[in-house]
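Scroll down for the structure; my scribbles are underneath it.
The values are calculated or read from the model by the stated rules, or taken from the named source; none is laboratory data. Everything numeric in this text was worked out from a predicted model, so none of it was measured. Neighbour counts are summed over all protein chains in view; Cβ atoms, including those assigned to glycine, are modelled from backbone coordinates with ideal geometry. Each accessible area value is taken on the protein alone, full model and side chains, heavy atoms only, with ligands, DNA and RNA left out. Shrake-Rupley method; radii C 1.70, N 1.55, O 1.52, S 1.80 Å.
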Amino acid sequence: RYEPTWGSLDARPLPAWFDEAKFGIFIHWGVFSVPSFGSEWFWWYWQKEKREPYVKFMEANYPPGFSYEDFGPLFTAEFFDPNQWADILKASGAKYVVLTSKHHEGFTLWGSKYSWNWNAVDVGPRRDLVAELATSVRNRTDLHFGLYHSLFEWFNRLFLEDATNAFKTRKFPTSKSLPELYEIVNKYQPEIIWSDGDGNAPDTYWNSTGFLAWLYNDSPVRDTVVTNDRWGAGSICTHGGFYTCSDRYNPGHLLPHKWENCMSIDRSSWGYRRDARLGDYLAIEDLVKQLAETVSCGGNLLMNIGPTHDGRIAVVFEERLRQVGAWLKVNGEAIYGTKPWRAQNDTVTPGVWYTFSPKEGKVNAIFLNWPGSGTLELGEPRAKLGETQVKLAGYKELLKWVALGEKGMIIALPQLTPQQLPCQWGWTLQLTDVN
């Protein structure tokens, strides 16, 4: 049994499924999807920081005295079809999904007993959005279902009172935040608890270790659940399950501890923005690059989309997800279930990232640029004459190669028209019998 101490909790082995999965989808959805302007931090930027674009946006479009709470009934979700969402998630090739059950605004996407009249069952959609998505994901896909939960809430008066008392009082976690966490685990049995938003309070204020000890010892998901590292001020990148370290974290080198790169297809926001331009969205080439870099360095990629207030996954997000899925259909063996190799990227040719498939004993070299010369030079593999074989994922014939002394090789790529290429945005060479 795990003790409610970091020493004990940090020693828990991460359930193997998480490292093997490599790729997940993050979904930021909530009342912030109604103004869908600027950022999911809309309420804070408008009311607390009084940033000019947000103040002007409200003055121009809403009557005087309109409050953030007035957005609640406008969060309608009339087009929300959880089966369609599940099908898009499946088509993306992702192996897990993390839905924001509650963001810093405090609005819960389920009918929480602890969030009276500020939840999706009492206000707005009048539906349990968490339950509907969980059911569809489990019935239609093999994705692991996870939930994001914000510890703090910007404007909750109990939290603000505790903060004024320098967190010596604990009214907010005991009456709101912790009961919600136990509620979502018992009700929806998520296999990922993605915690966030410590409000500058220490983990002792949140009783994070007490909750995690229960989660790992006695909860209905004790054997399969994974958690991140955001459990109080100072715990990020230090304690918990996998490390997130920061948003859009992509170190570009191997890390000793399992980590995750959570990033968003929209460069500037996690929630949906009506004011986004096409250039604000990462292109498929960028996403493939992020996936290859992240996985080669031992990380998982958690790629975020923001649905609309009426429950649609905007077509630009759907297209990106389906494109990643199409790429993974061809190159998935270089991603799923792989381990980092002794080299993460090539020393001679830039834009080449390595992974290792332990079962097949294959080294995968994912290259992001198709060379005009028709040959690709790799500085890292040590090839063996008469033994090493090179294949291009999605192409039948073996490729010809020559060794370059002790280390390195030149590979002749097949001469293919754009239509004949196995995929469009990055390719995988599978090398067997290299030292």
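Counting only DSSP beta bridges with both residues in the chain, tell me the antiparallel percent, nearest 5.
Numbers: 29 of 59 bridges.
The antiparallel fraction comes to roughly 50 percent.
Tell me the net charge near Lys168. Cut-off is 12 Å between Cβ atoms, Lys168 excluded, with +1 for each Lys or Arg and -1 for each Asp or Glu. Can you show the working numbers first?
Details: positive: Arg170, Lys171; negative: Glu161, Asp162.
Residues close to Lys168 contribute a combined charge of 0.
If you take the charge dipole of the chain about its Cα centre, with +1 on Lys and Arg Cβ and -1 on Asp and Glu Cβ, which of Thr135, Leu398, Tyr188 is farthest toward its positive end?
Of the listed residues, the answer is Leu398.
Compute the Cα gyration tensor for segment 229-366, then decide on rounded, prolate or oblate, letting a ≥ b ≥ c be the square roots of its eigenvalues: rounded whenever a/c is under 1.5, prolate when a/b is larger than b/c in the other cases, and oblate in all that remain. All intermediate terms of the calculation are to be shown ahead of the outcome.
On the way: a/c = 2.07, a/b = 1.30, b/c = 1.60.
Here segment 229-366 falls in the oblate category.
Which residue fluctuates the most in the chain, going by a Gaussian network model with Cα springs under 10 Å, if the choices are His257, His144, His28?
Looking only at His257, His144, His28, the biggest GNM fluctuation is shown by His257.
Based on C-alpha coordinates, I'd like the Rg and Dmax of segment 339-432, in Å.
Final numbers for Rg and Dmax: 12.4, 37 Å.
Considering only His28, His144, Val315, whose Cα is most displaced toward the positive end of the charge dipole of the chain, charges sitting on Cβ of Lys, Arg (+1) and Asp, Glu (-1)?
Farthest towards the positive end: His144.
Gaussian network model of the chain, Cα springs within a sub-10 Å range: biggest mean-square fluctuation belongs to which of Leu421, Leu302, Leu14?
Leu421
What number does the chain give for Rg over Rh if you use C-alpha atoms and the Kirkwood radius?
Working: Rg = 23.4 Å, Rh = 23.1 Å.
Dividing the radius of gyration by the Kirkwood radius yields 1.01.
Over segment 339-432, what is the relative contact order in whole percent, taking alpha-carbon pairs under 8 Å and six or more residues apart?
Details: 177 pairs, mean separation 28.5, N = 94.
In percent, rounded to a whole number, it is 30.
When the Karplus curve 6.51 cos²θ - 1.76 cosθ + 1.60 is applied with θ = phi - 60°, which whole-Hz ³J(HN,Hα) does each residue of segment 402-410 get, with x for Gly and Pro?
Once rounded to whole Hz, the list reads 10, 7, 10, x, 4, 9, x, 7, 10.
Do any of Lys22/Lys258; Lys329/Lys384; Lys258/Lys407; Lys95/Lys396 go past 22 Å between their Cα atoms, and which?
Working: Lys22/Lys258 11 Å; Lys329/Lys384 30 Å; Lys258/Lys407 29 Å; Lys95/Lys396 27 Å.
Check vs 22 Å cut-off fails for Lys329/Lys384; Lys258/Lys407; Lys95/Lys396.
Charges only on Cβ, +1 for Lys and Arg, -1 for Asp and Glu: so what's the dipole of the chain about the Cα centre, in debye to the nearest 20? Write out the running numbers ahead of the final one.
Working: 44 positive and 50 negative charges, 99 e Å.
Using only the charged Cβ atoms, the result is roughly 480 debye.
What's the whole-number percent of alpha carbon pairs in segment 133-173 lying beyond 12 angstrom?
On the way: 532 of 820 pairs.
Summing the P(r) tail past 12 Å for segment 133-173 gives 65 percent.
Using the Cβ atoms and a cut-off under 12 Å, what net charge is assigned to the surroundings of Ala91, where Lys and Arg are +1 and Asp and Glu are -1?
After counting each charged neighbour, the total is +2.
Quick check for you: with a 1.4 Å probe and neighbouring chains kept, what is the accessible area per residue of segment 6-334, in Å²?
Numbers: 12230 Å² over 329 residues.
Counting only protein heavy atoms, the per-residue value for segment 6-334 is 37 Å².
Less than 15 Å Cβ to Cβ from Trp154, Lys/Arg counted +1 and Asp/Glu -1: what total charge do the surrounding residues give? Working shown, then result.
Details: positive: Lys48, Lys50, Arg51, Lys102, Arg157, Lys176; negative: Glu40, Glu49, Glu69, Glu105, Glu153, Glu161, Asp162, Asp196, Asp198.
That sum, taken over residues with Cβ under 15 Å, equals -3.
Over segment 1-84, how many percent of alpha carbon pairs lie in each 5 Å bin up to the one with the longest distance?
Histogramming segment 1-84 at 5 Å steps yields 2, 11, 15, 14, 9, 9, 9, 12, 11, 5, 3, 0 percent.
Quick check of the Kirkwood formula: for segment 5-44, what is the inverse mean of 1/r over all pairs of different Cα atoms, in Å?
Details: mean 1/r = 0.0721 Å⁻¹.
Hydrodynamic radius (Kirkwood, Cα only) of segment 5-44 equals 13.9 Å.
Using a Förster radius of 51 Å, what is the FRET efficiency between Lys391 and Ala131 based on their Cβ-Cβ separation? Nearest 0.05, please. Spell out each step's value before the answer.
On the way: r = 45 Å, r/R0 = 0.88.
FRET efficiency, Lys391 to Ala131: 0.70.
For segment 339-432, which whole-number percentage of the solvent-accessible area (1.4 Å probe, protein heavy atoms only) is attributable to carbon and sulfur atoms? Numbers along the way, then the final one.
Working: 2490 of 4940 Å².
Whole-percent figure for carbon plus sulfur exposure: 50.
Note down the relative contact order for the chain as a percent, whole number, built from C-alpha pairs under 8 angstrom at least six residues apart.
The normalised contact order for the chain reaches 17 percent.
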